[in-house]
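Written out below as C-alpha cells is the structure these notes cover.
The values are calculated or read from the model by the stated rules, or taken from the named source; none is laboratory data. Keep in mind it's a predicted model, so treat the numbers as computed, not measured. So basically every Cβ, Gly included, is an ideal-geometry build from the backbone, and we count neighbours across all protein chains shown. Keep in mind that these areas ignore ligands, DNA and RNA; they rest on the heavy atoms of the full protein, side chains included. Shrake-Rupley method; radii C 1.70, N 1.55, O 1.52, S 1.80 Å.
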Amino acid sequence: MTSREEILHLINSYTFLLDNGDLEGWAALFEHGEWGSEDAPLLKGKEQMFEMINNILIVYPDGTPRTRHVVTNVDLNIDDDQGVASCTSYITLLQQIDDRPLQAIFSGEYHDDFERVDGRWRFARRVTKRPFFGDMSAHVKALPQDGG
C-alpha cells in the first residue's frame, strides 16, 4: 500500500470498528496516540481510550451503537521523507434506533496527525473541533455536569 492508502485505511478503520461495536479494536488504534476534543484534555493510549468509550457509549443488543460515521472532505498532507502526515476532514454521525428514524446526531471536524514508525503509519493524534450537536441521548450515557 502507498502511504496515502495506508492512512486512508486508518481513517476508515476508526469508523468501521466503532460502528461495528469493536471497542477494543477502536481503542487499539490509539495505542501510541492521543484523542479528544479541542476543549478537553486529550486521552492517551488504548487503555484510557477503552475505559472512556466503554463508560459513555450506549451499545445496543446487536452489539453496535447503531451508528454510521461518515467522513468527507478529506484533505490529507503527507511528508514521506519525514514520516509524518496531517489530515482535516468533516465527520457526520448518523444513528438509527428502533423508535427513532435515521438522523444526523453530530457533525464536526477531525484534525489528525499521523506518524510512520517501523514502516507503518499510525494515529499520533485526533482532535475533534467545531462540533454541532443533535440529539445524542441515544448514543452516549449521561455525563456528569461540571460543578454538580
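Observations, loosely collected:
- Annotation for region 33-104: GluC sites (Glu not before Pro) lying in DSSP loop with at most 14 further Cβ atoms inside 10 Å of their Cβ are Glu38.
- Protein accessible area in the chain, 1.4 Å probe - carbon and sulfur %: 49 percent
- Each of Pro41, Ile11, Gln103 was placed along the dipole of the chain (beta-carbon charges, centred on the mean Cα), and the one lying farthest toward the positive end is Gln103.
- Stretching the chain fully between Asn54 and Thr88 yields a gain of 9.6 nm (0.36 nm per residue, less the alpha carbon separation).
- Qualifying lysines (Cα of each under 19 Å from Cα of Lys129; at least 8 residues distant if same chain): Lys44
- Only one of (1) 161; (2) 148; (3) 122 was calculated from the structure for volume of the Cα convex hull per residue in Å³, and its label is (3).
- Entry comment: accessible area of the chain is 59 Å² per residue, from protein heavy atoms only and a probe of 1.4 Å.
- Axis of helix 3-19 versus longest Cα principal axis of the chain: the two differ by about 20°, to the nearest ten degrees.
- Ellipticity at 222 nm from helices only: DSSP H runs of n ≥ 4 in the chain, each -39500 (n - 2.57), divided by the residue count, give -7500 deg cm²/dmol.
- Ordering of 56-68, 3-15 by packing is 3-15, 56-68, highest average first (other Cβ atoms within 10 Å, averaged per residue).
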